[in-house]
Amino acid sequence: MSFARSLLRVKPAEQLAEDGSHTPLRRTLGLVPLVALSVGATLGTGIFVVLAEAAPAAGPAVVVSFVLAGLAALCSALSYAELAGSVPVSGSAYSYAYATLGELVAWICGWCLLLEYGVSVAAVAVGWGGYLNEFLRGTVGLTIPDAFAAPPGDGGVVNVPAALVVLLATAVLLMGVRESARATTITTLLKIAVLVFFVAVAITAFRSANMTPFAPAGIAGISAGASAVFFSFIGFDAASTAGEEARDPARDLPRAIILSLAIVTAIYVLVAYAAVGAVGVGVLGESDASLATALRVVTGQGWPSVVLAFGAVLAIASVVLTVLYGQTRILVSMSRDGLLPGMLSKVNGRAVPAGNTVVVGAVVAVLAAVVPLNQLAEATSIGTLVAFGLVNIGVLVLRRTRPELPRSFRTPLMPWVPLLGLALCVYLIFGLDAVTWLTFALWTAVGLAVYFGYGRRRSKLNRTVVEAAD
């Protein structure tokens, strides 16, 4: 096999499914915990944290930014749903790319997912610290000193709360998937209840004047806002990382992906509309804890913002937990294929990849402690958009190359939905800052060095091809 062809070798869907059927992980998750996993990984990431960044850029039209980003996510979600039903294994977009586009593209996709999941956890953890301060201020009248509540570059030395919540989530994951799923379901329901409470209070102070001018920066502002808030849709694909712990993955994974995105998009649009209408974009941009600040302005009292801050403290912690979970399962798949060290796929008596989980938790805790939020959020967006784009290409390729493959869900309006999803991903990528592109280029270069220096030579698929040739 030539060098170029070896980089494009695919791992057949049947082989991926066979590997997944012999997983040491335990199949304990039904539809409800899978939906909770995806909603838990998504809901809160944008509304609680990124709204403060996007609202000043787009103006009141930030509501449209959420719709545009949601449309981009929907097209990709439908592609994810088909591939999750066709290749029901852990690994998410990485495994789907391996079955359709070849090993090198799968590696790049997996490397992007490591950026998406790992850095998004750190970004959410940074936002968690802001709401913890809001809660402490409202209850005991104290706040964590800036030196220990913000990273360098944001007026601090080290973000202790951000690192702490990552380490706590790591400890919960080490307890087992059943316990983690139970904690995720409870905190997700709490999160939805808190946001419904916010909408009910904020809408009483709605003023039409706060919605004008609706799009002060025009289409450019809406696009910039959509690129920023796309970060808030990261996580709807989290159910696809649980392919080997779902009881009926072919049936439940597509349902969980689509249901979770529908729930999240509806809540985002309602909360953004109520928040902007109540206080305007200026107030929302004043604090990372923007929703709690909005409630204080609306009611003139402290207790509603304390309730919201308490809910956000628990809810954002669930995002950290579920996205960390997805990160570890992607690493399990990449390790099992030989592209990363074998210790990352070893599980303990609780069916938990313990070594993998500890390594991920430690690395993410350090990122959360020392890197500013805005840099983390945009770096996550570009990694996600690349991965989503590859999934849209992958579903087109698999339809053409394996039309006979059983599919529990079929993307409607083929090929237009995946093509639109791909186009929107490319459009949103070009809305990101140049420094984000530089970060991504450096990350990709490091990833390629790791692949050619380690992964390609140790690839189990490569060994299978060589043995077959002999």
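The values are calculated or read from the model by the stated rules, or taken from the named source; none is laboratory data. In this text, all values refer to a predicted model and were calculated from it rather than measured experimentally. So basically every Cβ, Gly included, is an ideal-geometry build from the backbone, and we count neighbours across all protein chains shown.
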* To do: Could you please let me know if residue 119 is modelled with pLDDT of 75 or more and closer than 28 Å to residue 3 by Cα?
  => no
* Asked: Does residue 104 satisfy the condition of being more than 30 Å from residue 274 (Cβ to Cβ) and hydrophobic (A, V, I, L, M, F, W, C)?
  -> yes
* Asked: Got a sec? Which of 369, 365, 351, 423 is outside any loop (DSSP other than H, G, I, E, B), under 28 Å from residue 175 (Cα atoms), of a type in the set (A, V, I, L, M) and more than 18 Å from the chain's Cα centre (by Cα)?
  -> 369
* Structure fact -> Counting only residues that are aliphatic (A, V, I, L, M) and within 15 Å of the chain's Cα centre (by Cα), region 92-125 contains a total of 10
* Picking from 364, 426, which residue would you name as being crowded, with 20+ Cβ neighbours inside 10 Å, at pLDDT below 90 and under 20 Å from residue 444 (Cα atoms)? -> 364
* Residue among 158, 89, 105 that alone is modelled with pLDDT of 85 or more, among the aliphatic types (A, V, I, L, M) and not in a helix (DSSP H, G or I) -> 158
* So residue 149 fits all but one of (1) in contact with a Pro (Cβ under 8 Å, 6 or more places away or on another chain); (2) touching a residue at least 24 places away in the same chain (Cβ under 8 Å); (3) of a type in the set (Gly, Ala, Ser); (4) surrounded by fewer than 24 Cβ atoms within 10 Å (Cβ to Cβ); what number is the exception? -> (2)
* Asked: Hey, residue 200 hits all of (1) buried (at least 17 other Cβ atoms within 10 Å of the Cβ); (2) free of Cβ contacts under 8 Å to residues at least 60 places away in the same chain but one; which does it fall short on?
  -> (1)
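Rundown of residues vs (1) buried (at least 24 other Cβ atoms within 10 Å of the Cβ); (2) outside any helix (DSSP H, G or I); (3) not small (Gly, Ala, Ser), yes/no style:
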site	(1), (2), (3)
227	yes, no, no
230	yes, no, yes
241	yes, no, yes
256	yes, no, no
264	yes, no, yes
267	no, no, yes
273	no, no, yes
277	no, no, no
* Asked: If you go through region 121-146 one residue at a time, how many are surrounded by fewer than 24 Cβ atoms within 10 Å (Cβ to Cβ) and of a type in the set (Gly, Ala, Ser)?
  -> 2
* Structure fact -> Residues of region 47-89 being surrounded by fewer than 24 Cβ atoms within 10 Å (Cβ to Cβ), over 26 Å from residue 128 (Cα atoms) and acidic (Asp, Glu), in sequence order, are none
* Within region 152-163, count every residue that is without any contact (Cβ under 8 Å) to a residue 60 or more places away in the chain and either surrounded by 15 or more Cβ atoms within 10 Å (Cβ to Cβ) or within 23 Å of residue 307 (Cα to Cα) (or both). => 3
* Would region 67-85 turn up any residue that is over 25 Å from residue 367 (Cα atoms), polar (S, T, N, Q) and in contact with a Pro (Cβ under 7 Å, 6 or more places away or on another chain)? -> yes
